[in-house]
Amino acid sequence: MKVLIIEDDKRIAAVMKRGLKEEGFTVDTVYDGEEGEYMAMENPYDAIILDLNLPEKDGLLICKKLRQNKVQTP
C-alpha cells in the first residue's frame, strides 16, 4: 500500500512514516499544504494522512479540492 503523509510537524511525520514503513507500507511525506495537494492530485495513493493546520493551504481545503476533482483516496 502506498500512503501520503501531509504533516507540517517533522517529528510527528517521521514517527508516522517509520511506523508505516515497518509495517510494509510505501510512504511519501510532505510538509505543507501546497505540496501535499500537488502530490495527492498527481500520484495514486491508497490512503492519505492529512493534518488540518498546515502552512500554505489548510487541510480541509485540500480535502474539498481532492473530492471536487474526484480523488477517492481515503
For the chain, dividing by residue count, accessible area per residue (probe 1.4 Å) in Å² works out to 64 Å²
Rg followed by Dmax, in Å, when the chain is reduced to its Cα trace: 11.4, 33
Mind scanning 10/57; 10/70; 2/65 and naming the pairs with a C-alpha gap bigger than 22 Å? 10/70
Give the aspartates and glutamates reachable from residue 64 as a straight Cα distance under 18 Å; neighbours fewer than 8 places away on the same chain don't count. 7, 32, 34, 35, 37, 42, 46, 51, 56
At 0.36 nm per residue, and after removing the present C-alpha to C-alpha distance, how many nm does the segment from residue 69 to residue 23 gain when stretched out fully? 13.5 nm
Given the DSSP H assignment, sum -39500 (n - 2.57) over each helix run of at least 4 residues in the chain and divide by its residue total; what's the result at 222 nm in deg cm²/dmol, nearest 500? -13500 deg cm²/dmol
Taking placed amide H atoms and a strict 5 Å upper bound, the residues 5 or more places from residue 71 or on another chain that come that close are none
Helix by helix through the chain, keep the DSSP H runs that span 15 Å or more along the axis on Cα and average at least 0.0 on Kyte-Doolittle, and give those back in order. none
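The values are calculated or read from the model by the stated rules, or taken from the named source; none is laboratory data. Just so it is clear, the model here is predicted, and its values are computed rather than measured. Quick note on the areas: whole protein, heavy atoms, side chains included, nothing else; ligands and nucleic acids left out. Shrake-Rupley method; radii C 1.70, N 1.55, O 1.52, S 1.80 Å.
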